[in-house]
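Beneath this line is the structure, given in structure tokens, with notes to follow.
The values are calculated or read from the model by the stated rules, or taken from the named source; none is laboratory data. Everything quoted here is computed from the prediction, not taken from an experiment. Here the Cβ is made from the backbone with ideal geometry for all residues, glycine too, and neighbour counts use every protein chain on show.
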Amino acid sequence: MELSTVKAVVTGGASGLGRATATQLVAAGARVALLDRAASAGADVAKALGPVAAFTPADVTSAEEVTAALEAAARHCGGLNVLVNCAGIGTAMKTVGKSGPAKLEEFTRVIQVNLIGTFNCIRLTAPHMAKNAPTADGERGVVINTASVAAFDGQIGQAAYSASKGGIVGLTLPVARDLAELGIRVVTIAPGIFETPLLGTLPEPVRASLAAQVPFPKRLGQPDEYAALALHIITNVMLNAETIRLDGAIRMQPR
């Protein structure tokens, strides 16, 4: 798929990995809709990106809100052929901590947003993609999901986050097989430790310690590096049903 023909929805597009991806897509000539929470900076980000970008607010866990947001995105973009799922949350809680068992509602919320929210957006965007005329390769759309190295190397306190991201890795192949007959590819990126608003809440000594754990390069990943991989996936039709670690060779320790 040529980047200039991209009509993309980027969830979590108001910040971090999603914002970087939307920015690079716009620079490449794409039209983009930022799907993020109504209280996010999505409207300001879309305005900064120019008339080819729009803000379509929604909670990724809501079928009704996502359906409405996708309809608005399709009107703005003239159809949809790319979905980049970057929306997500994290929490730290041990299975049994000083205050007792982990709170089930917190575990459920992480699964709801990260895993179910990802699938919700895929299942509702795919019908839009199915309407597209196929390319010479028969391609009608591309879905890019965001997992994490925590899907493989979950640390102490990451049961909920790791389970949600492991679920995204697990659905990549079957969903790619489901959508293959429609000409829609599905690829997942599993970032390591990246410079995002979520990480920005940590004290600087903790951030420096995390960066030092990366074999090479010895630093935190940058959102633009995630975005660059996302754009390559869009253009490389042979990438399908795969999870790609983007992590500087880090393998997370227990803590």
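Looking at the range 13-31, is at least one residue closer than 19 Å to T146 by Cα, surrounded by fewer than 24 Cβ atoms within 10 Å (Cβ to Cβ), at pLDDT 95 or above and in contact with a Ser or Thr (Cβ under 9 Å, 6 or more places away or on another chain)? For the range 13-31, residues closer than 19 Å to T146 by Cα, surrounded by fewer than 24 Cβ atoms within 10 Å (Cβ to Cβ), at pLDDT 95 or above and in contact with a Ser or Thr (Cβ under 9 Å, 6 or more places away or on another chain): present. Looking for whichever is touching a strand residue (DSSP E or B) at 6+ places or on another chain (Cβ under 6 Å), touching a residue at least 24 places away in the same chain (Cβ under 8 Å) and not in a loop (DSSP other than H, G, I, E, B) here; the options are A73, A87, A54. Which one fits? Testing whether each residue is touching a strand residue (DSSP E or B) at 6+ places or on another chain (Cβ under 6 Å), touching a residue at least 24 places away in the same chain (Cβ under 8 Å) and not in a loop (DSSP other than H, G, I, E, B) leaves just A73.
Of everything listed in (1) assigned to a helix (DSSP H, G or I); (2) of a type outside the set (A, V, I, L, M); (3) under 22 Å from C86 (Cβ atoms); (4) touching a residue at least 40 places away in the same chain (Cβ under 8 Å), the single unmet condition for R185 is (1). The number of residues in the range 182-196 being touching a strand residue (DSSP E or B) at 6+ places or on another chain (Cβ under 6 Å) and surrounded by fewer than 19 Cβ atoms within 10 Å (Cβ to Cβ) comes to 0. Of the residues making up the range 32-47, just one is touching a Ser or Thr at 6+ places or on another chain (Cβ under 9 Å), surrounded by fewer than 24 Cβ atoms within 10 Å (Cβ to Cβ) and assigned to a helix (DSSP H, G or I), namely V45. Look at (1) among the polar types (S, T, N, Q); (2) crowded, with 17+ Cβ neighbours inside 10 Å; (3) part of a helix (DSSP H, G or I) and you find that N240 fails only one, number (3). The residue that is farthest from A28 (Cα to Cα), among those in the range 216-226 that are in contact with a strand residue (DSSP E or B) (Cβ under 9 Å, 6 or more places away or on another chain) and either part of a helix (DSSP H, G or I) or not hydrophobic (A, V, I, L, M, F, W, C) (or both), is G221.
Inspection of the range 131-152 identifies no residue that is part of a helix (DSSP H, G or I) and surrounded by fewer than 17 Cβ atoms within 10 Å (Cβ to Cβ).
Filtering the range 222-237 to residues that are over 11 Å from I189 (Cβ atoms) and either touching a Lys or Arg at 6+ places or on another chain (Cβ under 8 Å) or buried (at least 16 other Cβ atoms within 10 Å of the Cβ) (or both) leaves P223, L231, I234, V237. Hey, any hits in the range 78-92 for a residue that's loosely packed, with under 13 Cβ neighbours inside 10 Å and either out of contact with any Pro (no Cβ under 9 Å at 6 or more places or on another chain) or closer than 25 Å to T172 by Cβ (or both)? Yes; the residues of the range 78-92 include at least one that is loosely packed, with under 13 Cβ neighbours inside 10 Å and either out of contact with any Pro (no Cβ under 9 Å at 6 or more places or on another chain) or closer than 25 Å to T172 by Cβ (or both).
Can you tell me how many residues within the range 1-12 are within 15 Å of T146 (Cβ to Cβ) and part of a strand (DSSP E or B)?
4
Residues of the range 197-215 include at least one that is in contact with a Gly (Cβ under 9 Å, 6 or more places away or on another chain), at pLDDT 95 or above, surrounded by fewer than 18 Cβ atoms within 10 Å (Cβ to Cβ) and not in a helix (DSSP H, G or I).
Considering each residue of the range 34-42 in turn, none proves to be charged (D, E, K, R), modelled with pLDDT of 95 or more and in contact with a Leu (Cβ under 7 Å, 6 or more places away or on another chain). Being crowded, with 23+ Cβ neighbours inside 10 Å and under 18 Å from the mean Cα position of the chain (by Cα) is the requirement here; does L70 meet it? Against the criterion (crowded, with 23+ Cβ neighbours inside 10 Å and under 18 Å from the mean Cα position of the chain (by Cα)), L70 does not qualify. Scanning the range 151-177 for residues that are under 18 Å from I122 (Cβ atoms) and β-branched (V, I, T) returns I168, V169, T172, V175.
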